[in-house]
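What follows is a short report on a single structure.
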Amino acid sequence: MEGAKAMADLGWKEDGKCVDMDVDIFFEKYEEDIGLRAVIDRMCARCPIAQECLQWGISHHEWGVWGGIYLENGEKSDEYNNHKTDEVWQELLLQLTHDTGQAYE
Ligand code: SF4
């Protein structure tokens, strides 16, 4: 029942660019495959619900990629975000702040 509730709570993800994708690409595969990381980063930077996704990840102390940022217990991972160039961060932050003006560190 807990699992069903968790899935219902994640209903907003239906609007994400990653809907129906293998969720492992946001966890183990992202950690292991530098080339894949760039693809995921770009997809999240173009996702219409990136803000909501990141907020969920932070507030639920999640691990893995949320809103294009790899989190560890809800906090930005240095290890799994260190491949991101300034250009990638700029693109991600633009998407994550486009209508709120809220800044993410
Ligand atoms: S921001 Fe990335 S991980 Fe989150 S819903 Fe969009 S595509 Fe999926």
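The values are calculated or read from the model by the stated rules, or taken from the named source; none is laboratory data. All values derive from a computational prediction rather than experimental measurement. Note that we place each Cβ from the backbone using ideal geometry, even for glycine, and neighbour counts take in every protein chain shown.
Residues in the stretch 17-32 include at least one that is near the ligand (Cβ under 9 Å from one of its atoms) and crowded, with 19+ Cβ neighbours inside 10 Å. In this entry, Lys13 passes the filter for residues that are part of a helix (DSSP H, G or I), modelled with pLDDT under 95 and within 12 Å of the ligand (Cβ to nearest atom).
Would you check which residues across the stretch 34-47 are without any contact (Cβ under 8 Å) to a residue 40 or more places away in the chain, touching a helix residue (DSSP H, G or I) at 6+ places or on another chain (Cβ under 8 Å) and within 8 Å of the ligand (Cβ to nearest atom) and list them? Correct list: Ile40 only. Looking across the stretch 72-98, the residues that are surrounded by fewer than 19 Cβ atoms within 10 Å (Cβ to Cβ), aliphatic (A, V, I, L, M) and in contact (Cβ under 8 Å) with a residue 12 or more places away in the chain come down to Val88, Leu94. Screening Ile58, Ile69 for residues that are within 15 Å of the ligand (Cβ to nearest atom), closer than 23 Å to Gly11 by Cβ and crowded, with 19+ Cβ neighbours inside 10 Å leaves exactly one candidate, Ile69.
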